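A.B. asks: Take a look at this one; I'll ask things after.
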């Protein structure tokens, strides 16, 4: 978002246009973050609900792998 704002500022656009043209990027980032947070909270709840120790470990490993992939992509 900052890069697009700086690019528009370099093109001598006014502040109103800079802000409006960078808004969709901020909304997309927030939506992705909220989706990731929802997934993490859901997985943590499922891990807590798991009764079998093996199932609990598998869910924990899946969650760790997912967070590592997410960290690598972001």
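A.B. asks: So the check is Cβ under 8 Å with 6+ separation or different chains; which pairs have a first residue in region 44-64 that's on the phi > 0 side of the Ramachandran plot and a second one that's at pLDDT 95 or above?
C.D. replies: From region 44-64, no pairs qualify.
A.B. asks: If we scan region 53-71, do we find a residue that is at pLDDT below 65, in contact with a helix residue (DSSP H, G or I) (Cβ under 8 Å, 6 or more places away or on another chain) and surrounded by 11 or more Cβ atoms within 10 Å (Cβ to Cβ)?
C.D. replies: Of region 53-71, the ones at pLDDT below 65 are none.
There is no residue in region 53-71 that is at pLDDT below 65, in contact with a helix residue (DSSP H, G or I) (Cβ under 8 Å, 6 or more places away or on another chain) and surrounded by 11 or more Cβ atoms within 10 Å (Cβ to Cβ).
The values are calculated or read from the model by the stated rules, or taken from the named source; none is laboratory data. The structure presented is a predicted model; accordingly, all values stated were derived computationally and were not measured. Positions of Cβ are backbone-derived with ideal geometry, glycine not excepted, and every protein chain shown enters the neighbour counts.
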